[in-house]
Amino acid sequence: MSTLDAPLPVAPRLDGAPPHLLFVRAPYYTSVVDGLRDGARYDVLDVAGALELAAAVRLALRGRRRYDGFVVLGCVVKGETDHYEFVCREAMAGITTVVLQFGLCLGNGLLTVNDIGQAVARSGPDGHNKGAEAAVAALRQIAAARWLGAE
């Protein structure tokens with residue numbers, strides 16, 4: 001299913017206190033990452049790049065601030081070398097590892113695209129926004145954790 005064919009993301013209704021989310025961003029492509037974040041304003045932590053997203057989530061777990069969930073946002077655009085494959089693979093593996101190891105509620109909004117046009121199409125205000133989808137995914141995970149008593 002393409003981005004344009006997908007249903008628009010809808011945040012679930014959550015019982016209890018409003019969730020506290022941390023958005024961890026790799027704003028190398030600032031306009032794309034800002035577009036991913038727009039529409040959801042929570043705590044925001046910027047990191048150097050996509051490879052640092054998982055480590056920043058792990059650092060947040062060690063910190064004093066408590067979060068019900070996380071949303072990672074970033075953009076990796078394919079270039080002329082194999083660096084793209086390495087960064088995409090390792091960034092996604094790191095995110096998956098920290099989520100599974102610590103049982104986190106996390107929405108993944110790391111774009112891996114062939115060109116900047118694809119990134120812009122997935123980060124715009126038209127509702128077909130991968131950042132919004134990632135935020136909704138995190139909220140759905142929080143709802144599931146609450147329902148399961150796994151907070």
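Assigning unit charges at the beta carbon (Lys, Arg +1; Asp, Glu -1) and nothing else, what dipole magnitude in debye, to the nearest 20, does segment 107-151 show about its Cα centre?
Details: 4 positive and 4 negative charges, 24 e Å.
Approximately 120 debye in magnitude.
Taking N as the number of residues in the chain, what value does Rg over Cα atoms divided by 2.2 N^0.38 Å take? Intermediate values should be presented prior to the final figure.
On the way: Rg = 14.9 Å, N = 151, 2.2 N^0.38 = 14.8 Å.
Ratio of Cα Rg to 2.2 N^0.38 Å: 1.01.
Which value, to two decimals, describes the C-alpha radius of gyration of segment 20-86 once divided by 2.2 N^0.38 Å? Present the calculation step by step, with values, prior to reporting the outcome.
Working: Rg = 12.8 Å, N = 67, 2.2 N^0.38 = 10.9 Å.
That ratio works out to 1.18.
So, with a 1.4 angstrom probe, what is the percent of accessible area on the chain that is carbon and sulfur? Kindly include the intermediate steps, with their values, before the conclusion.
Values: 4640 of 8530 Å².
Heavy-atom surface of the chain belonging to carbon and sulfur, 1.4 Å probe: 54 percent.
Less than 19 Å from a label point 7 Å out along the Cα-to-Cβ axis of residue 102: which backbone N atoms in segment 41-56 qualify, by residue?
Answer for this model: 42-56.
Assuming 0.36 nm per residue, please report the length gained on full extension of the stretch residue 84 to residue 151 beyond their Cα-Cα distance. Working shown, then result.
Numbers: separation 67, 0.36 × 67 = 24.12 nm, distance 3.58 nm.
Separation in residues times 0.36 nm, less the Cα-Cα distance, equals 20.5 nm.
Can you work out ³J(HN,Hα) from phi for every residue in segment 91-99, in order, using Karplus 6.51 cos²θ - 1.76 cosθ + 1.60 and θ = phi - 60°, giving whole Hz and x for Gly and Pro?
Here the 3J(HN,Hα) series is 5, 5, 5, x, 4, 4, 4, 5, 5 Hz.
Taking the Cβ of residue 145 as the centre, find all other residues whose Cβ is under 14 Å away and add up their charges (Lys, Arg: +1; Asp, Glu: -1). It would help to have the intermediate numbers written out before the result.
On the way: positive: 66, 140, 146; negative: 15, 68, 151.
Within the 14 Å Cβ shell, the charges total 0.
Write down the accessible area per residue of segment 15-151 in Å², having rolled a 1.4 Å probe over the full set of protein chains.
Accessible area per residue, segment 15-151: 54 Å².
State to the nearest 20 debye the size of the charge dipole of the chain about its Cα centre, where the only charges are +1 on K and R beta carbons and -1 on D and E beta carbons. Don't skip to the end; give the middle numbers.
On the way: 15 positive and 16 negative charges, 125 e Å.
It comes to approximately 600 debye.
Relative contact order (percent) for the chain, with alpha-carbon contacts under 8 angstrom and 6 or more residues of separation? Please report the intermediate quantities before stating the final value.
On the way: 259 pairs, mean separation 48.6, N = 151.
The normalised contact order for the chain reaches 32 percent.
The values are calculated or read from the model by the stated rules, or taken from the named source; none is laboratory data. Since we're looking at a predicted model, the values are computed, not measured. When we count neighbours, we look across all protein chains shown, and the Cβ atoms used for this are built from the backbone with ideal geometry, even at glycine. Surface areas here come from the heavy atoms of the whole protein model, side chains and all, with no ligands, DNA or RNA. Shrake-Rupley method; radii C 1.70, N 1.55, O 1.52, S 1.80 Å.
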